[in-house]
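Peer 1: Here's a structure for you.
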Amino acid sequence: MTETDNNKENINELVATYNFLENQLKALLEQKNRYSIILEDLKATKESIDNIEIYKENYINIGSVVGVPVKIENDKFLVNIGSGVMVELTKEKAAKFVEERMEFVKKEMIKIDEIINVYQNKLNDIAIKVQELSSKTK
């Protein structure tokens, strides 16, 4: 096998790796976007919990631009803890649960950012190697 053939084979392998990493990067960016949406939803939930006043009239959004007045008669909240399982928690514990979820999501986003940086560096390295090998095959 000549050096040119060897370089072409290496280029093909590098391009395949590049495409794989690019797809992985795209999936990570989509996951990060989903986490961003979840985080915003959790922030809104936490704000709503904080603003609810027990034994006083509150307005609850029931969708779009419609709200209804309600009077909360106790400090119990139903919280979805995952897999559709609901538990009854006090206002304080519900707020703490949401805060913990927010922290978990933030940590996951940091992990994703770290992996994204690694993949971006690998993609840059591969692009440089392909360019070097391409110049040698001409």
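Peer 1: Tell me, yes or no, whether segment 87-99 has at least one residue that is assigned to a helix (DSSP H, G or I), closer than 30 Å to residue 130 by Cα and out of contact with any strand residue (DSSP E or B) (no Cβ under 8 Å at 6 or more places or on another chain).
Peer 2: no
Peer 1: Another one. Mind checking whether some residue in segment 38-49 is among the aliphatic types (A, V, I, L, M) and either part of a loop (DSSP other than H, G, I, E, B) or closer than 30 Å to residue 133 by Cα (or both)?
Peer 2: no
Peer 1: Taking only pairs six or more apart or across chains, which ones have beta-carbon atoms under 8 Å, a first residue in segment 1-24 that is outside any helix (DSSP H, G or I) and modelled with pLDDT under 90, and a second residue that is surrounded by 11 or more Cβ atoms within 10 Å (Cβ to Cβ) and among the acidic types (Asp, Glu)?
Peer 2: Once the first residue is outside any helix (DSSP H, G or I) and modelled with pLDDT under 90 and sits in segment 1-24, its partners that are surrounded by 11 or more Cβ atoms within 10 Å (Cβ to Cβ) and among the acidic types (Asp, Glu) give 1/9.
Peer 1: So, one more: Being under 30 Å from residue 4 (Cα atoms), among the charged types (D, E, K, R), modelled with pLDDT of 95 or more and out of contact with any His (no Cβ under 9 Å at 6 or more places or on another chain) is true for just one of 96, 122. Which residue is that?
Peer 2: Only one candidate passes the filter, namely 122.
Peer 1: Any idea which of (1) in a strand (DSSP E or B); (2) surrounded by 10 or more Cβ atoms within 10 Å (Cβ to Cβ); (3) in contact with a Phe, Trp or Tyr (Cβ under 9 Å, 6 or more places away or on another chain) is the one residue 58 doesn't satisfy?
Peer 2: Looking at each condition in turn, residue 58 falls short on (3).
Peer 1: Please pick out the residue among 30, 53, 73 that is outside any loop (DSSP other than H, G, I, E, B) and not hydrophobic (A, V, I, L, M, F, W, C).
Peer 2: On inspection, the qualifying residue turns out to be 30.
Peer 1: Limited to segment 20-47, what total is found for residues that are charged (D, E, K, R), under 21 Å from residue 82 (Cβ atoms) and more than 16 Å from the chain's Cα centre (by Cα)?
Peer 2: 1
For (1) farther than 30 Å from residue 9 by Cβ; (2) touching a residue at least 40 places away in the same chain (Cβ under 8 Å); (3) not hydrophobic (A, V, I, L, M, F, W, C), each residue gets a yes or a no:
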position: 26; (1), (2), (3): no, no, yes
position: 46; (1), (2), (3): yes, yes, yes
position: 65; (1), (2), (3): yes, no, no
position: 101; (1), (2), (3): yes, yes, yes
position: 111; (1), (2), (3): yes, no, yes
position: 128; (1), (2), (3): no, no, no
position: 135; (1), (2), (3): no, no, yes
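The values are calculated or read from the model by the stated rules, or taken from the named source; none is laboratory data. All of these numbers come straight from a predicted model, not from anything done at the bench. We place every Cβ from the backbone using ideal geometry, glycine too, and count neighbours over all the protein chains shown.
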